[in-house]
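Q: This is the structure I want to talk about, given as structure tokens.
The values are calculated or read from the model by the stated rules, or taken from the named source; none is laboratory data. Bear in mind the structure is a predicted one, so any value in this text is a computation, not a measurement. Quick reminder, even Gly has a Cβ in these numbers, built from the backbone with ideal geometry, and neighbours come from all protein chains shown. Just the protein is used for accessible areas: all its heavy atoms, side chains included, with ligands, DNA and RNA removed. Shrake-Rupley method; radii C 1.70, N 1.55, O 1.52, S 1.80 Å.
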Amino acid sequence: MRIFIVEDDLILADGLKNSLMQSGYAVDLATTGADADNILTYQTFDLVLLDLGLPKLSGFEVLKRLRSRGSKTPVLILTANNDLDDRVKGLDLGADDYLSKPFILAELEARVRALIRRGQAGGSALITVGKLQLDTANHAATYDDQGLNLSARELAVLEILMQKAGKVVNKEQMLEKLCNFDEDISDNALEVYLHRLRKKLDYGDINIRTIRGLGYMLENNV
Ligand code: CA
């Protein structure tokens, strides 16, 4: 899952980026409204964390332009104060939620998860495919109620496959969801994650199928 942080307070921005990356998200950062607007015209994210007071272009204007391009990407506004007018204006312009600074990191992460879930089809923190279950809130997977020992990256790959279980996910889609600007995951690395996942999910009924030239598909053969 890819998150875009737009925040000109570098200390806050770096702190957010690090903690969200530790939770397994791919995170990119812009520190001016103009940069954010530019990046949002050609990159797709699962969630945008948007500060309102930004240099060059205000957060309101970034949001307005994003929605005018027809984007439905969930946007969580970070407001500097508890200003009711700002909140109302942000929500009217198409923000999905807001959080007033200073905020508690745990609350921000809970709202991030909720918005990403809402943006995806399901709406629940639990994704289930046969006996395989992934708890996206707690970053843990189980098979037949037995815990699986998966790395953050393996969990991220598994989440993408489980959300589209029974459908083909192509490599480009997977890499786009896994990578951020600073860190590219190579095709080879993705194949290593898939190889490890296959080994750890070697139960017979769960199968990660390679569809030559198209991508990968998670199947439940029960
Ligand atoms: Ca600011």
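Q: What do you reckon, is T31 open to solvent by 20 Å² or more (accessible area, probe 1.4 Å) and more than 16 Å from the ligand (Cβ to nearest atom)?
A: The answer is no for T31.
Q: Can you tell me which residues in segment 34-81 are within 26 Å of E172 (Cα to Cα) and β-branched (V, I, T)?
A: Residues satisfying the conditions are I39, T41, T44, V48, T73, V75.
Q: Next question, about the same structure. Here is a list: D9, D37, D46. Which entry is of a type in the set (D, E, K, R), touching a residue at least 12 places away in the same chain (Cβ under 8 Å), open to solvent by less than 50 Å² (accessible area, probe 1.4 Å) and within 16 Å of the ligand (Cβ to nearest atom)?
A: Values: D9 fails: open to solvent by less than 50 Å² (accessible area, probe 1.4 Å); D46 fails: within 16 Å of the ligand (Cβ to nearest atom).
Among D9, D37, D46, only D37 is of a type in the set (D, E, K, R), touching a residue at least 12 places away in the same chain (Cβ under 8 Å), open to solvent by less than 50 Å² (accessible area, probe 1.4 Å) and within 16 Å of the ligand (Cβ to nearest atom).
Q: Moving to a separate point now. Suppose we filter segment 53-78 for residues that are buried (at least 21 other Cβ atoms within 10 Å of the Cβ), within 11 Å of the ligand (Cβ to nearest atom) and outside any helix (DSSP H, G or I); how many remain?
A: Here the count works out to 2.
Q: Still on this structure, I have one more. Tell me the residue from G147, G166 that is assigned to a strand (DSSP E or B) and either acidic (D, E) or over 20 Å from the mean Cα position of the chain (by Cα) (or both), please.
A: None of the other options fit; the residue is G147.
Q: Identify the single condition in (1) within 17 Å of L47 (Cα to Cα); (2) not in a loop (DSSP other than H, G, I, E, B) that A95 does not satisfy, given that it satisfies every other one.
A: The number of the failed condition is (2).
Q: Among the residues of segment 169-206 satisfying the criterion of being among the hydrophobic types (A, V, I, L, M, F, W, C) and part of a loop (DSSP other than H, G, I, E, B), which is farthest from V222 (Cα to Cα)?
A: F181
Q: Which condition number in (1) closer than 19 Å to D28 by Cβ; (2) open to solvent by less than 20 Å² (accessible area, probe 1.4 Å); (3) of a type outside the set (S, T, Y) is the one that L175 fails?
A: L175 satisfies every listed condition except (2).
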